[in-house]
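The values are calculated or read from the model by the stated rules, or taken from the named source; none is laboratory data. Please read these numbers as outputs of a predicted model, since none were measured by experiment. Cβ atoms come from the backbone with ideal geometry, glycine included; neighbour counts cover every protein chain shown. The accessibility values were calculated without ligands, DNA or RNA, using every heavy atom of the protein model including side chains. Shrake-Rupley method; radii C 1.70, N 1.55, O 1.52, S 1.80 Å.
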Amino acid sequence: MSEAPILKDTARSKGRDALQKNIQAALALAEAIRSTLGPKGLDKLLIDDDGRTLVTNDGVTVLETAKVEHPVAKMMISASSAQDRVAKDGTTSTVILAGEMLQNAWQLILQGIHPSTIARGFRKAEQFVLKSLEEISLKANDAMQKTVVKTSLAGKGHSSMQETIADISLRAVKMIVEGDDDIIDPTKIKLISQTGGRVEESSLIQGLMLPKKRISSEMQKDVSNGKILLIDGGLEQQGLKSDLKLNVTDTGVLESFRQQERIMLKSQVDKLVENGVNVLACKEGIDDGIRDYLVKNRIQAFRRVSRNDLNMLARACSATLVNSIKSSRSEDLGEFKSSKNISLDGKDFWVVEAAGKAATIIAKGSTVDIIGEVERCFDDSLGVSVQLIQDSDVVCGGGASYVALARKLRRYAETIPGREQLAVEAYADGIEVILRVLAENAGIDPISSLIDVVAEQTNLDSDNIGINLTTGKPGDMLELGVLEPSGIIKQAIIGATEVSISILRIDDVLWAKQDIDASLPPQSDM
Ligand code: ADP
Ligand code: MG
C-alpha cells in the first residue's frame, strides 16, 4: 500500500519507536531541571542570544527560557507553564513527576503492557490520589500560613529574604480581600521594584502607589474624599496637523490660533470643575499652558500615567476610563478616600486610597539581577498567599505528602484487577520521585531516605514524615514548618498525569521536512 501523498515529505516514526523517542525527550527535559528542586537545589545560569544572563532556581523560568525544539518537550514545558499560571508554584515538581511517570510507563511497555492500559491505570491512580489528598490535608492557622509561604521560597535567596517576602506577600493579600470574596484578584497588588537597598528594606503600603509626581508643586499635595477622572488620552494642544498648510502672512495669525486652542483647553478644565473633579490623571501629556489654570481651580493633575496604572486606578476607584474630557460623563468619575504625594528615599510617589482595595509592594534589591529574582519570588509567594487565603488546606512538604499518597495508592492498587494494577503501582513509584530528588540534591542517599521515610510513616502511622534535609533523617514536617498548599500538589498531580497520558497516547510522529524556501514568507507583488 502506498503512503498517502500528504506523508511524502515527512520523516516518520511509528509505534514503540515513536513512543521511546518521545519519552526520551520528556526525560531529558526533566533531567535538565532536576537539580533545581528543593531548598538545596542549585541555580541555573541562563544566557540568551544577546548574551544577557539570568541566574535562577525557578523551574518554569529555566524551561521557558530554554530553546527547545522537540514537540514533546514543548508539551512538558506548557504543563509547567500551566502550573505556573494556576498554582504559581510546583512547576519543577510537575515536570519531574511527569518524567518519572513516563519512565515507569516505559518499563511496563517493555514488559508488553499496552500504553492505553497504562493510561487507564494512571487515570484511576490520579483520581484516587486527588481524593486521598483531601483526606491528608490540614487547615492552616495564621501561624502556619507564613511557614507555608516561606516553604514556597525554598532554595530562592537567603532565609531573611524569604522571611521578608513571605511576610509582605501575606499582608498584601490580606489587604486586598474584599468582604467574603471567593476569588482574590492578585492584580490589585502593584509591585514596584527599586534597585538599591536590601531586600529586607522592601515595604508594603495600603492603596495604589505610582512613581508619579503631580504636574505642579503648587497643586494641593493631599486631597481627601474626592472625585477622580481618568483619561486614556491627554489635555494638549492639537498643534498643526501635518497635512494642513497655513500661509502665515501676519505674525498675529499664529498667536491667535494658539490663543484659540488655549481657550478650548480652558473650557475642558471648566467642565472638570463643573463635574466636581478633584484629581485628573491622563495617559498622555497635559499642556504646560493649562497648568496654572488647573492650579487655580484646585485640581491635582498627573500626566503620562501608564495604561496599566490607569486600569488599576479605575478598578480601585470604580471609575471608567474615558477618551477625552469632552466625552466624559459624571458617572465615569471615580471616588477616592485620599490622593497623596509622598516622597520615599528621595523619589516621588502618588498614593491613592479608595474603597476598591489595593496594595503596593516596594521591592528592593541591590543589583538588577537580584531585583529580578526578588520580583520572581514575590510573584511566587503572592500566588501562594492568594491560594492560601482562598483555601487554607495544606499538606506537609519535604516529600511527606507524596510518600503518604503513594502508600495509600499501593493499598488501593491491590483492589484493581488485571494489568492496570501494575500501572497504578508504577504511578505510586512515580510520585515518590519528589522525595528522592529532594534528598539527592541535598547530597543524601535517595533510596535509603525513601526507605526510612516510608518505614517511619508506617511505624508512627503519620502522613507528616518527610525528609529533614539538614540531618538526612526522617522528620516531622509539621514540626519543622515545611508545609505547602494542597492546591499546589493537586495541580502538579493533575498536570503531570495529563501530560504523561497525552504522551503515552502518541504512537505516530510525522515531521514535516524542513524546506528552507518554504519557510520564507510568500512574496507579494505590490
Ligand atoms: P517547585 O518548582 O516544584 O516548587 P522548588 O524548588 O520550589 O520546586 O521545591 C519545592 C519542594 O521543596 C517541595 O516539594 C517542598 O516540599 C520542598 N521543600 C521546601 N523546603 C523544604 C525543607 N526545608 N525541607 C524539605 N523539603 C523542602
Ligand atoms: Mg517552589
Of the residues VAL60, VAL95, which single one is in a helix (DSSP H, G or I), within 13 Å of ligand 1 (Cβ to nearest atom) and without any contact (Cβ under 8 Å) to a residue 60 or more places away in the chain?
-> VAL60
Yes/no for ALA423 being within 14 Å of ligand 1 (Cβ to nearest atom), in a helix (DSSP H, G or I) and open to solvent by less than 30 Å² (accessible area, probe 1.4 Å) | no
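Would you pick out the residues in region 66-121 that are of a type in the set (D, E, K, R) and either modelled with pLDDT of 90 or more or over 17 Å from ILE506 (Cα atoms) (or both)? Reasoning before the result, please.
Here is the first cut: in region 66-121, the residues of a type in the set (D, E, K, R) are 67, 69, 74, 84-85, 88-89, 100, 120.
Listed by number, the residues that qualify are LYS67, GLU69, ASP84, ARG85, LYS88, ASP89, GLU100, ARG120.
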Residue tally, condition in a helix (DSSP H, G or I), within 16 Å of ligand 1 (Cβ to nearest atom) and open to solvent by less than 70 Å² (accessible area, probe 1.4 Å), over region 13-57 = 5
Wholly enclosed strands (runs of 3 or more DSSP E) of region 153-226 bearing at least 2 residues of a type in the set (A, V, I, L, M) and more than 23 Å from GLY90 (Cα to Cα) = 203-206, 208-210
Cβ pairs under 6 Å, 6+ apart or interchain, first in region 398-409 and more than 12 Å from ILE489 (Cβ to Cβ), second open to solvent by less than 10 Å² (accessible area, probe 1.4 Å) and not in a helix (DSSP H, G or I), ordered by first then second residue, are GLY398/GLY466; GLY398/ILE467
Residue that is modelled with pLDDT of 80 or more and open to solvent by less than 90 Å² (accessible area, probe 1.4 Å), where the choices are GLY239, GLY252, GLY289 = GLY289
Name the pairs whose Cβ atoms lie under 7 Å apart, with the first residue in region 300-316 and touching a residue at least 24 places away in the same chain (Cβ under 8 Å), the second in a strand (DSSP E or B) and among the aromatic types (Phe, Trp, Tyr), and 6 or more positions between them or separate chains?
-> PHE302/TRP350
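Looking at region 441-461, can you tell me whether even one residue there is in a helix (DSSP H, G or I), within 16 Å of ligand 2 (Cβ to nearest atom) and either of a type outside the set (S, T, N, Q) or under 27 Å from ALA87 (Cβ atoms) (or both)? Reasoning before the result, please.
From region 441-461, those in a helix (DSSP H, G or I) are 441, 446-460; that's our starting set.
From the residues that got through so far, the ones that are within 16 Å of ligand 2 (Cβ to nearest atom) too are 441.
Adding the requirement that they be either of a type outside the set (S, T, N, Q) or under 27 Å from ALA87 (Cβ atoms) (or both) leaves 441.
Within region 441-461 (the criterion being in a helix (DSSP H, G or I), within 16 Å of ligand 2 (Cβ to nearest atom) and either of a type outside the set (S, T, N, Q) or under 27 Å from ALA87 (Cβ atoms) (or both)), the answer is yes, since at least one residue qualifies.
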Considering only region 264-286, state which residues are part of a loop (DSSP other than H, G, I, E, B) and open to solvent by less than 40 Å² (accessible area, probe 1.4 Å).
-> GLY276, VAL277, GLY285
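Of everything in region 465-491 that's assigned to a loop (DSSP other than H, G, I, E, B) and near ligand 1 (Cβ under 7 Å from one of its atoms), which residue is surrounded by the fewest Cβ atoms within 10 Å (Cβ to Cβ)?
In the first step, residues of region 465-491 are kept if they are assigned to a loop (DSSP other than H, G, I, E, B); the result is 469-472, 481-482.
Applying the additional criterion that residues be near ligand 1 (Cβ under 7 Å from one of its atoms) yields 469, 482.
Working: LEU469: 23, VAL482: 25.
Here the answer is LEU469.
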What are the residues in region 346-371 that are at pLDDT below 90 and under 16 Å from SER193 (Cα atoms), if any?
-> GLY346, LYS347, VAL368, ASP369, ILE370
Could you count how many residues in region 127-154 are open to solvent by 30 Å² or more (accessible area, probe 1.4 Å) and more than 16 Å from ligand 1 (Cβ to nearest atom)?
-> 10
State yes or no: is LEU102 crowded, with 24+ Cβ neighbours inside 10 Å and away from ligand 1 (no atom under 13 Å from the Cβ)?
-> yes
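Could you check how many residues of region 144-165 are polar (S, T, N, Q) and within 15 Å of ligand 2 (Cβ to nearest atom)?
4
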Scan region 64-76 and give yes if some residue there is within 21 Å of ARG376 (Cα to Cα), part of a helix (DSSP H, G or I) and either within 16 Å of ligand 2 (Cβ to nearest atom) or open to solvent by 40 Å² or more (accessible area, probe 1.4 Å) (or both), otherwise no.
-> yes
Going by the structure shown, is ASP182 farther than 20 Å from THR367 by Cβ, away from ligand 2 (no atom under 16 Å from the Cβ), modelled with pLDDT under 85 and open to solvent by 30 Å² or more (accessible area, probe 1.4 Å)?
-> yes
Per the list (1) open to solvent by 50 Å² or more (accessible area, probe 1.4 Å); (2) closer than 30 Å to GLN421 by Cα; (3) within 16 Å of ligand 1 (Cβ to nearest atom), residue check on LYS124 breaks on (3)
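To keep it simple, each residue is scored yes or no on (1) surrounded by fewer than 18 Cβ atoms within 10 Å (Cβ to Cβ); (2) of a type outside the set (Gly, Ala, Ser); (3) touching a residue at least 24 places away in the same chain (Cβ under 8 Å).
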residue: LYS156; (1), (2), (3): no, yes, yes
residue: MET161; (1), (2), (3): no, yes, yes
residue: ASP167; (1), (2), (3): yes, yes, no
residue: LEU170; (1), (2), (3): no, yes, yes
residue: GLY196; (1), (2), (3): yes, no, yes
residue: GLU201; (1), (2), (3): yes, yes, yes
residue: ASN225; (1), (2), (3): yes, yes, yes
Does any residue of region 246-263 turn out to be within 44 Å of the chain's Cα centre (by Cα) and among the polar types (S, T, N, Q)?
-> no
